[in-house]
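Shown next, in structure tokens, is the structure this report addresses.
Only the coordinates and a few stated rules stand behind these numbers; no lab work does. Everything numeric in this text was worked out from a predicted model, so none of it was measured. Ideal geometry is used to build each Cβ from the backbone, glycine not excepted, and the neighbour counts take in all protein chains shown.
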């Protein structure tokens with residue numbers, strides 16, 4: 001019983017130690033978000049103390065920055081474990097606690113907004129502003145710059161608006177690149193800093209605000225363009241073709257990284273047959289493979305009365321399928337439109 005009493009007392013003391021938390025105020029020296037660590041200093045010491053901060057913080061609180069006071073806790077029974085638990089109540093005053101100031105980087109300090117003209121042209125307006133260049137503050141006046149003619153279809157480039165230490169705004173056209181590869185950004189000339197880059201391309205004739213500061217993105221399947229060779233068939237015209245083309249976010253024709261797309265077309269209403277070279281014909285739906293563009297052939301039944309103007313849903317089967325729709329008007333022997341019906345609830 002005597003041994004059991006000592007064991008009980010020892011366990012009780014361990015529990016009290018584990019629950020004990022010693023806190024003190026410290027000054028933040030720097031924050032290391034990648035490691036979820038803060039380096040800080042306490043009153044009367046130049047030694048950097050490493051403290052953890054909670055992993056469940058989605059964003060760093062505004063008070064967690066160099067020069068601010070924080071409350072740190074020395075967690076009992078966990079050797080060397082120090083954690084940031086909140087903002088401090090007072091700032092330690094002794095010791096070298098504030099990190100030394102750094103030399104500000106060159107760049108735009110204020111102003112310098114670049115906007116498209118209204119109405120849009122190939123010009124851009126640059127607002128007045130100030131920049132730090134070579135450690136000196138330089139002011140520059142507002143101005144207008146003309147962007148060079150856009151590259152041909154399927155090509156893009158980055159153009160640069162910059163300012164030099166003479167306060168003059170400069171324009172530099174970049175090198176064009178095929179839309180599947182990111183274009184190279186021009187490097188600012190000596191004693192210049194970049195104001196903004198403009199993404200120019202695909203035979204555009206005006207610069208929009210959305211082009212200014214826009215980042216190039218690798219092409220991805222974004223839409224499906226469906227065109228009908230003849231969407232109004234007179235009596236005696238028996239067939240027409242429907243062409244489906246995969247498009248990226250820039251409106252360029254796109255192919256998958258490997259292999260082909262699988263296109264499908266389905267009757268939503270009307271009658272007749274829909275055909276592809278790969279799978280034959282169907283009165284309901286049909287499909288086929290192609291790298292970028294697939295052609296369907298529609299053939300009417302040729303009955304008067306009996307023919308009904310068809311509406312089709314066309315799509316590419318991918319994890320994020322894209323859809324498009326088209327209709328064909330059929331005419332009877334008198335030139336009147338034969339029934340065309342679409343379920344309005346299908347598109348709601």
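For the chain, the mean residue ellipticity at 222 nm estimated from helices alone is -2000 deg cm²/dmol, where every DSSP H run of n ≥ 4 contributes -39500 (n - 2.57) and the total is divided by all residues, rounded to the nearest 500. For region 221-347, the C-alpha radius of gyration sits at 1.08 times the compact-globule guess of 2.2 N^0.38 Å, with N the residue count. Averaging over all projection directions, the Cα-based convex hull of region 151-217 occupies 4.5 nm² in the image plane. A protection proxy built from the mean count of other Cβ atoms within 10 Å ranks the segments 193-204, 38-49, most packed first, as 193-204, 38-49. The structure shown yields Rg and Dmax of the Cα atoms in Å, and of the options [x] 21.3, 66; [y] 19.8, 59; [z] 34.3, 113 that calculated value carries the label [z].
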